[in-house]
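Here's the structure, in structure tokens; my notes come after.
The values are calculated or read from the model by the stated rules, or taken from the named source; none is laboratory data. Model, not experiment: these values are computed from the prediction. No Cβ is skipped: glycine too gets one built from the backbone with ideal geometry, and neighbour counts run over all protein chains shown. With ligands, DNA and RNA removed, areas are computed over all heavy atoms of the protein, side chains included. Shrake-Rupley method; radii C 1.70, N 1.55, O 1.52, S 1.80 Å.
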Amino acid sequence: MTAETPLGIATRSERSFGELRAGNLGVRIAESQSEIIAAQALRYRVFYEEMGAEPAPAIRRDRLDRDEFDPVADHLLVIDHERGSGPEAIVGTYRLIQDADAHKVGRFYTSNEYDISILTSFPGKLLELGRSCIASDYRGRAAMQLMWRGIAAYIFLHQIDLMFGCASLPGTNVDALSTELTYLYRNHLAPPGLRPRALESRYIDMRRLDPVELDIRRAQAMLPPLIKGYLRLGGFIGDGAVVDTEFNTTDVAVVVKTDLITDKYYRHYERQLRDALT
């Protein structure tokens with residue numbers, strides 16, 4: 001390990017799939033502490049400055065979104081090589097936490113909001129996804145697709161069987177989100193064997209509209225792009241929403257069996273994914 005290599009990230013050959021490219025954009029795992037700090041700075045700009053999250057004093061002082069999970073996580077980066085090759089080129093990020101790494105902290109981040117015991121007892125390797133964000137100038141389809149390709153390559157490399165995390169709807173007024181929440185519950189609820197449930201102290205019933213009143217096309221159009229992406233891959237939603245006042249969001253739990261992702265992306269990008277992993 002070099003002095004720049006953060007705690008929790010081993011060598012690149014052990015943790016990374018290399019880099020996948022699409023034009024000037026690339027996706028790979030962070031290789032240094034400075035890159036992780038750049039990802040945390042991007043998260044701060046998106047979550048706190050754009051989305052209205054309320055930072056704790058230390059977060060506000062340093063202008064970095066960080067917590068106790070960052071040192072043990074792998075940080076997926078989208079890099080614009082036209083902006084250089086250092087931290088200044090990082091335009092997207094996604095935090096990845098394997099079950100072995102979560103054990104170093106003692107829990108997954110999602111357990112702050114959901115009872116995930118049904119997931120942690122799943123017979124296979126787990127991956128928690130979170131803290132996803134893309135810089136405002138890069139929120140077109142290209143960056144998000146590249147990020148999903150990176151996740152697929154990571155899943156291949158580490159033989160992940162199940163991934164999950166909290167996905168966010170903007171705002172904390174659950175009545176204003178009645179259409180989206182009702183749609184997700186009625187159409188994408190996880191089967192009992194894969195269904196996390198919001199902690200009782202934070203549980204918000206997602207069944208907020210009479211199903212006959214639900215305009216499905218309108219509901220689908222109102223969903224954030226990240227949640228749409230999970231659903232396109234066959235993702236499921238847990239039982240109950242959670243209001244996160246710190247981040248000014250309403251969260252839902254998402255669960256995806258990774259064979260759906262690997263099959264989809266291996267078919268589309270077979271050569272690139274194979275080359276990245278050899």
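Does Asp101 satisfy being out of contact with any strand residue (DSSP E or B) (no Cβ under 7 Å at 6 or more places or on another chain), within 22 Å of Met163 (Cβ to Cβ) and in contact (Cβ under 8 Å) with a residue 24 or more places away in the chain? Considered against the rule, which asks whether it is out of contact with any strand residue (DSSP E or B) (no Cβ under 7 Å at 6 or more places or on another chain), within 22 Å of Met163 (Cβ to Cβ) and in contact (Cβ under 8 Å) with a residue 24 or more places away in the chain, Asp101 comes out as yes.
The residue list Ala56, Ala135 contains one member that is open to solvent by 10 Å² or more (accessible area, probe 1.4 Å), among the hydrophobic types (A, V, I, L, M, F, W, C), closer than 28 Å to Leu199 by Cβ and not assigned by the TED database to the domain that holds Lys257, which is Ala56.
Of all the listed residues (Glu31, Glu68), the sole one being open to solvent by 10 Å² or more (accessible area, probe 1.4 Å), in a loop (DSSP other than H, G, I, E, B) and within 14 Å of Ala89 (Cα to Cα) is Glu31. Inside the range 249-278, residues that are out of contact with any Leu (no Cβ under 7 Å at 6 or more places or on another chain) and at pLDDT below 95 make up a count of 12.
Without any contact (Cβ under 8 Å) to a residue 60 or more places away in the chain and surrounded by 14 or more Cβ atoms within 10 Å (Cβ to Cβ): is that true of Leu162 in this structure?
no
If we scan the range 94-107, do we find a residue that is among the polar types (S, T, N, Q) and not in a helix (DSSP H, G or I)? I'd like the intermediate steps shown before the answer.
Initial filter on the range 94-107 (among the polar types (S, T, N, Q)): 98.
When the remaining residues are screened for being not in a helix (DSSP H, G or I), the result is 98.
Yes, that holds for at least one residue.
The number of residues in the range 71-93 being assigned to a loop (DSSP other than H, G, I, E, B) and either under 14 Å from Ala38 (Cα atoms) or of a type outside the set (A, V, I, L, M, F, W, C) (or both) comes to 3.
The conditions of being at pLDDT 95 or above, among the basic types (Lys, Arg) and open to solvent by less than 20 Å² (accessible area, probe 1.4 Å) are not met by Arg45. Residues in the range 1-29 that are at pLDDT below 95, in contact with a strand residue (DSSP E or B) (Cβ under 9 Å, 6 or more places away or on another chain) and of a type in the set (D, E, K, R): Arg12, Arg15, Glu19, Arg21.
Scanning the range 174-219 for residues that are aromatic (Phe, Trp, Tyr), closer than 14 Å to Phe236 by Cβ and open to solvent by 30 Å² or more (accessible area, probe 1.4 Å) returns a single hit, Tyr185.
If only one of Ile155, Ile151, Ile118 is part of a helix (DSSP H, G or I) and surrounded by fewer than 22 Cβ atoms within 10 Å (Cβ to Cβ), which one is it?
Details: Ile155 fails: surrounded by fewer than 22 Cβ atoms within 10 Å (Cβ to Cβ); Ile151 fails: surrounded by fewer than 22 Cβ atoms within 10 Å (Cβ to Cβ).
From the options Ile155, Ile151, Ile118, the qualifying one is Ile118.
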